[in-house]
1. Restricting attention to region 221-250, which residues are buried (at least 18 other Cβ atoms within 10 Å of the Cβ) and on the phi > 0 side of the Ramachandran plot?
2. Contact list please: Cβ distance under 6 Å, first residue in region 105-131 and of a type in the set (A, V, I, L, M), second residue not in a strand (DSSP E or B), pairs at least six apart or on different chains.
3. Of the residues K110, K74, only one is basic (K, R), in contact with a Leu (Cβ under 7 Å, 6 or more places away or on another chain), surrounded by fewer than 19 Cβ atoms within 10 Å (Cβ to Cβ) and closer than 30 Å to L138 by Cβ; which?
4. Report whether or not S271 is out of contact with any helix residue (DSSP H, G or I) (no Cβ under 9 Å at 6 or more places or on another chain) and assigned to a loop (DSSP other than H, G, I, E, B).
5. Could you please let me know if N246 is closer than 20 Å to Y301 by Cα and either modelled with pLDDT under 75 or not in a strand (DSSP E or B) (or both)?
6. Could you grab the pairs with beta carbons closer than 6 Å, sequence gap of 6+ or different chains, first residue in region 355-377 and more than 13 Å from K62 (Cα to Cα) and among the charged types (D, E, K, R), second one part of a strand (DSSP E or B) and modelled with pLDDT of 90 or more?
7. Please determine whether any residue of region 205-217 is among the acidic types (D, E), surrounded by 11 or more Cβ atoms within 10 Å (Cβ to Cβ), assigned to a loop (DSSP other than H, G, I, E, B) and at pLDDT 90 or above.
Amino acid sequence: MFTSLTTHNLHFHEDASIYCCASKNNMLATGGGDSVIRIWQLDYINPKKEFNYYTALNSPLKIHYLHSLIGHSKTINSLEFSDEFLVSCSDSGEVFLWPICEFKEGKCYKIKGNENDEAISVLINDQLIYVGMKSGKLLIYEFSFKNIPKESQENSFINTLLDDTFLPDMSLLREKDEKKRAKITLLPQQDSFSVKLIKSLKLHSDSISGMCINQNHKILFTQSKDKSVKVFDLLSNKLINTIQINKLKLQPNLLNQHFKEELKLDFSDRSFFKRCICIDDKLYLTNVTLCKKNVLISLGYPYKNICEVVGNFNWPVQKVFKIKNCLVVCTNKSIFLVDEKSEMFGSVGYGSMTDGCLVNDGVIFTNTDGFVYSMMI
């Protein structure tokens, strides 16, 4: 099904690691250790029928630089697009809302300021923003506009390419970023825009390192380093369940053929982010170990019992996607395709995988080595 695996060996964030990414249509946002968000255009051209490995120079997926969004003062941890906005959070605790139609001007709205608590994960759902903090707090903000920007975002970035090169000269880009940092446009909280903190909950005893939403049942899940997952009802804004990973029970069946000892689940401590995700009404939990072996587990509604165990893998699972009938499982160092004929692509990247996102014809992954990796159909 996949026809290419590309190492996009460009300087996405100078010499800094990339910790998060998000996509919308043919636009990609990356967040780096340099405290900058960069916006890129994706063009998929001339896909081949046979599988092959590529670099940025000959890849069928071309990544072009568009904009730098500057305002955060520390590492960017999480990004997410909505129809009109990109929301971001960072180690400084800041949360910014960036109108897509104003990327070129670098304008943003401040949802949350700099505090002594790192913002690790962020989600946007309609007019609500959910922020998972290092302290274990879940913060819920509500924002509103009297006049939401009405410019069409679908193609607003298509004609802003500098030229046919993949990336402008990095020394010029760095100089431009520094000048822009000094004059960042932080849009004032005027009558047209308002934001308020509507809920602050101490859900976990340690960092909330991953969150996801099941839109079918209006449920928010928070995955934490304290080895628990909280189930939060979005309609009532109340906690409805706590999943303790080490208390989940497994049916013996076929697992006993692979594990002779007692079946024990736990969260791995080998990865900072724990990015859970909902797919087809299932909740997939990453960074899980079964008898100290790396696995991926899923829970079916109402999310009290395990319905699937996939693995074992060579490294902790970082991210999982589903394309057609294939599960794409990204570990720290490898990419696995799990279907009727499972495949592994080992030693992907020079560092560790940190995040990933679906694009129109495949999947993009980010890495601490500062590069982006793609698998395209």
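The values are calculated or read from the model by the stated rules, or taken from the named source; none is laboratory data. Predicted model, so just to flag it, every value in this text is computed and none were measured. Using ideal geometry, Cβ is built from the backbone for each residue, glycine included, and neighbour counts are taken over all protein chains shown.
1. If the condition is that a residue be buried (at least 18 other Cβ atoms within 10 Å of the Cβ) and on the phi > 0 side of the Ramachandran plot, then K227 is the only one that fits.
2. As it stands, the answer is A119/G93; I120/K134; I120/S207; I124/S82, since those pairs meet every condition given.
3. One residue alone meets the criteria, K110.
4. For S271, the condition - out of contact with any helix residue (DSSP H, G or I) (no Cβ under 9 Å at 6 or more places or on another chain) and assigned to a loop (DSSP other than H, G, I, E, B) - is met.
5. Against the criterion (closer than 20 Å to Y301 by Cα and either modelled with pLDDT under 75 or not in a strand (DSSP E or B) (or both)), N246 qualifies.
6. D355/C20; D355/C21; D355/T366
7. Checked against the condition, which is being among the acidic types (D, E), surrounded by 11 or more Cβ atoms within 10 Å (Cβ to Cβ), assigned to a loop (DSSP other than H, G, I, E, B) and at pLDDT 90 or above, region 205-217 yields at least one hit.
To keep it simple, each residue is scored yes or no on (1) touching a residue at least 24 places away in the same chain (Cβ under 8 Å); (2) assigned to a loop (DSSP other than H, G, I, E, B); (3) of a type in the set (S, T, Y).
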| site | (1), (2), (3) |
| --- | --- |
| M1 | yes, yes, no |
| L5 | yes, no, no |
| H13 | yes, yes, no |
| A16 | yes, yes, no |
| A22 | yes, no, no |
| P47 | yes, yes, no |
| S59 | yes, yes, yes |
